[in-house]
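To start, the structure itself, in structure tokens.
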Amino acid sequence: MAKIIALCGKICSGKSTYAEKIQKDYNAVVLNADVLMLSLFDEQLGDRHDDVDKKVTKYLYFMAEKIINTNTNVILDLGFWTNKARQDTRLFFEYRNIDVEFHYINTPLDIIKTNIEKRNADMNKLSYHIDENILQKCLNAFEEPDDVDINVIV
């Protein structure tokens, strides 16, 4: 039976790299909110960012359910930064009889900062530019997951 692999981790913790690494092992389709948003909109959505992010997430859940119905695993590369986001996601899919497995990419801050430097320097990569203010805002928004929330720690 196909399942959802939900990637949890701080900004630039390596979630997308991990998704690429496990995609073949799980025979899975990767759905990534940042890639979709940056493909459709410019980087600077400003005060519209959160509203667009909610719509993108809703769309990706819809697509995940459709893909799961083909008996194909789905990797949701969305971050799941809050306990509520993790709980809501688990409930959403379990209500539809779809198993959810959370993988927490637990990355030290020095590695995150190195990843940000590399990402910001790669002008060909479809990703957000992260400055110190955005980093701090994102780190402050992240809630460490409880052991109950997580199935695999990377």
Is it possible to state the helix-based mean residue ellipticity at 222 nm for the chain, with each DSSP H run of 4+ residues giving -39500 (n - 2.57), the sum divided by total residues, to the nearest 500 deg cm²/dmol? What is it? -15500 deg cm²/dmol
Among DSSP beta bridges lying fully in the chain, give the percent that are antiparallel, nearest 5. 0
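Grab the eigenvalues of the alpha-carbon gyration tensor for the chain, scale each by 5, take roots, and send me the semi-axes largest first in whole angstrom. All intermediate terms of the calculation are to be shown ahead of the outcome.
Details: eigenvalues 118, 61, 49 Å².
Three semi-axes, in Å: 24, 17, 16.
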Expressed to one decimal in nm², the mean projection of the alpha carbon convex hull of the range 71-130 is 5.7
Report, in debye and to the nearest 20, how large the dipole of the chain comes out about its Cα centre when Lys and Arg carry +1 and Asp and Glu carry -1 on their Cβ. 400
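For the range 3-153, what's the relative contact order in percent, using C-alpha pairs closer than 8 Å and at least 6 residues apart?
Numbers: 202 pairs, mean separation 62.0, N = 151.
41 percent.
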Based on the mean of other Cβ atoms within 10 Å per residue, sort peptides 48-60, 86-98, 66-78, 7-19 so the most packed one is first. 7-19, 66-78, 86-98, 48-60
Take the alpha carbon atoms of the range 13-55, find their center, do the same for the range 56-135, and report the distance between the two centers in whole angstrom. 7
What full-extension length gain, to one decimal in nm, is calculated for Asn106 and Leu40 as 0.36 nm per residue of separation minus the Cα-Cα distance? 20.8 nm
Helix by helix through the chain, keep the DSSP H runs that span 27 Å or more along the axis on Cα and average at least -0.5 on Kyte-Doolittle, and give those back in order. 49-68
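No value in this document is a laboratory result; all are computed from the given coordinates. Bear in mind that the values here come from a model prediction, so they are computed numbers and not experimental data. Virtual Cβ from ideal backbone geometry, glycine too; neighbours counted across all protein chains shown.
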